[in-house]
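The values are calculated or read from the model by the stated rules, or taken from the named source; none is laboratory data. On a predicted model such as this, the values are computed, not experimentally measured, just so you know. Neighbour counts run over all protein chains shown; Cβ positions are idealised from the backbone, glycine included. Side chains are part of the model used for accessible areas, which takes the heavy atoms of the whole protein and leaves out ligands, DNA and RNA. Shrake-Rupley method; radii C 1.70, N 1.55, O 1.52, S 1.80 Å.
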Amino acid sequence: MKILFAGSEALPFASTGGLGDVLGSLPSAIAHAFPYADVRVVLPLYSSISHEYRSEMTLITETQVRLSWRVQYCGIYSLLRDGVTYYFIDNEYYFKRPTLYGNYDDGERFAFFSRAVLELMDRTGFFPDILHANDWQTAASVIYLKSIYSADARYRPVRAVYTIHNIEYQGIYGMDILGDVFGLGPNMRGVIEYDGNINLTKGAIVCADAVTTVSPQYARELQTEYYSHGLYHILRLYREKLFGIINGIDTTYYNPETDPALPKNYSANDPSGKAVCKEHIQRLTGLAVCPNTPLVAMISRLAEHKGFDLVTCVIEEFLKDDVQFILLGTGDKALEDYFSSLAARYPGKVAVLLQFNKELSKQIYAGADIFLMPSKSEPCGLSQMIASRYGAIPVVRETGGLYDTIKPYNPENDSGNGFTFANYNAHDMLYVLRQATALYRDKDKFTKLMLRAMKCDFSWDSSAKQYMELYKNLPQ
Ligand code: GLC
């Protein structure tokens with residue numbers, strides 16, 4: 001079984017969020033679980049990819065890729081890591097930019113990349129059984145495979161899987177660039193058009209042999225108006241080929257027992273180091289060093305759908321209790337300002353770090369007692385799983401992957417691994433948050449819950465198997 005993952009980010013090379021985590025860990029999980037599988041990943045060679053990795057790369061070939069009337073340089077580099085071959089598409093005009101996304105010509109940049117993914121097969125001779133594309137940036141590779149390239153017998157047997165990591169970002173462009181940028185003829189208009197625009201996600205859903213998303217619950221939610229950002233008609237129409245497979249996390253990278261970022265390591269067998277981690281983060285961030293005050297953390301992009309309107313609504317009510325709150329993340333300017341001023345008004349009680357910092361994030365997971373994630377929508381969410389593994393009890397809204405991974409604490413039979421609320425309502429959130437802090441004050445019960453949460457299996461094992469089953473069962 002030959003599998004080629006196409007994506008716009010993968011750890012440790014380049015990442016801005018959950019997609020990078022997934023593409024940094026799923027391919028090697030499949031390679032390890034199925035030694036007969038030949039797993040490869042193709043990424044853009046962004047200028048931000050460090051010299052450390054560049055020095056390990058070999059130049060496979062230098063070639064040219066057509067994009068409509070353009071003929072663009074395309075270097076193909078590769079390196080081997082953890083049983084997976086990574087290819088990097090080099091073109092400095094497109095990828096020597098200060099950020100991964102957010103440029104005026106993102107449509108063209110990723111159309112080029114998607115074309116390059118298909119040309120790579122020809123130039124390397126690696127024709128996979130499965131092309132597994134991820135999110136709008138590589139949606140066009142699925143569309144190209146099933147249109148322009150299907151005329152070539154070498155491409156026809158390649159099956160396409162398209163994974164939706166977040167439906168909010170669809171790749172929407174004006175119809176006027178269908179030919180000029182995407183190089184597609186008017187015959188493809190019906191496939192790619194949605195609401196009068198080019199919609200790359202819609203096109204990939206139509207063309208793919210299977211569409212997956214990152215949790216079973218999100219697969220159901222995607223078929224509703226509330227969650228689909230306009231695409232529920234399409235997702236309902238194609239529901240026969242829509243599957244929800246929950247993400248895992250890299251349990252080697254996220255392991256409190258060995259994590260080099262922590263001041264002291266700990267595990268479910270010996271959790272004593274967690275208190276040291278709490279003291280460390282309190283000191284580091286200017287919080288009062290109080291071992292018995294529940295420390296509630298949020299680590300999140302400051303984006304509306306992460307549930308920040310609920311937080312801003314009731315946080316000051318919550319701060320009347322003996323609690324501490326710490327937030328790490330960047331994003332929406334108004335939210336950044338709000339939380340900076342909150343920290344200024346509650347010194348020693350609230351710490352706000354407007355950064356994207358992996359090392360610090362792990363120190364916060366380790367130091368926190370409770371982890372808040374009240375998302376309005378959450379395709380999968382990885383932070384709640386990481387938090388759970390580091391013994392910070394997740395308090396989440398029952399949506400998407402949060403619903404699938406966090407089961408409410410039930411004192412009757414002492415089950416569950418967190419606290420949950422159903423409605424998108426600030427006081428419902430506050431109510432369960434207070435249940436969590438109340439339980440925290442009952443040390444024995446809370447420790448039992450914490451140890452159970454730490455032992456939850458969030459590895460890729462079962463999901464890697466589900467992907468392999470899906471690949472094998474795709475219609476020829
Ligand atoms: C996106 C989603 C997140 C998911 C991640 C990886 O970032 O918003 O919920 O965990 O992709 O699939």
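Here are some notes:
- Meets criteria (within 30 Å of residue 441 (Cβ to Cβ), more than 19 Å from the chain's Cα centre (by Cα), open to solvent by 10 Å² or more (accessible area, probe 1.4 Å) and away from the ligand (no atom under 15 Å from the Cβ)) for residue 280: yes
- Condition met for residue 303 (open to solvent by less than 10 Å² (accessible area, probe 1.4 Å), in contact with a strand residue (DSSP E or B) (Cβ under 9 Å, 6 or more places away or on another chain) and either small (Gly, Ala, Ser) or within 16 Å of the ligand (Cβ to nearest atom) (or both)): no
- Some residue of segment 207-215 being assigned by TED's automatic domain parsing to the domain that holds residue 30 and open to solvent by 40 Å² or more (accessible area, probe 1.4 Å): no
- Checking each residue in segment 382-424 for being basic (Lys, Arg) and within 16 Å of the ligand (Cβ to nearest atom) picks out 389, 397.
- Residue 48 vs. criteria in contact (Cβ under 8 Å) with a residue 12 or more places away in the chain, surrounded by fewer than 18 Cβ atoms within 10 Å (Cβ to Cβ), away from the ligand (no atom under 16 Å from the Cβ) and under 18 Å from residue 171 (Cβ atoms): no
- Of all residues in segment 79-103 being of a type outside the set (D, E, K, R) and assigned to a loop (DSSP other than H, G, I, E, B), the one that is most open to solvent (accessible area, probe 1.4 Å): 98
Yes/no matrix, rows are residues, columns are (1) part of a loop (DSSP other than H, G, I, E, B); (2) without any contact (Cβ under 8 Å) to a residue 12 or more places away in the chain; (3) out of contact with any Asp or Glu (no Cβ under 6 Å at 6 or more places or on another chain); (4) surrounded by fewer than 22 Cβ atoms within 10 Å (Cβ to Cβ):
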residue	(1), (2), (3), (4)
291	yes, no, yes, yes
310	no, no, yes, no
322	yes, no, yes, yes
351	no, no, yes, no
364	no, no, yes, no
371	no, no, yes, no
381	yes, no, yes, no
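- Scanning segment 139-166 for residues that are within 14 Å of the ligand (Cβ to nearest atom) and either open to solvent by 10 Å² or more (accessible area, probe 1.4 Å) or touching a Ser or Thr at 6+ places or on another chain (Cβ under 6 Å) (or both) yields 163, 164, 165, 166.
- If you check 17, 7 for being small (Gly, Ala, Ser), under 18 Å from residue 163 (Cα atoms) and surrounded by 22 or more Cβ atoms within 10 Å (Cβ to Cβ), only one passes: 7.
- Within segment 390-446, the residues that satisfy the criterion of being under 21 Å from residue 317 (Cα atoms), part of a helix (DSSP H, G or I) and in contact with an Asp or Glu (Cβ under 8 Å, 6 or more places away or on another chain) are 426, 430, 434, 437, 440.
- Being at pLDDT 95 or above and either within 30 Å of residue 229 (Cβ to Cβ) or under 27 Å from the mean Cα position of the chain (by Cα) (or both) is a property that holds for residue 339.
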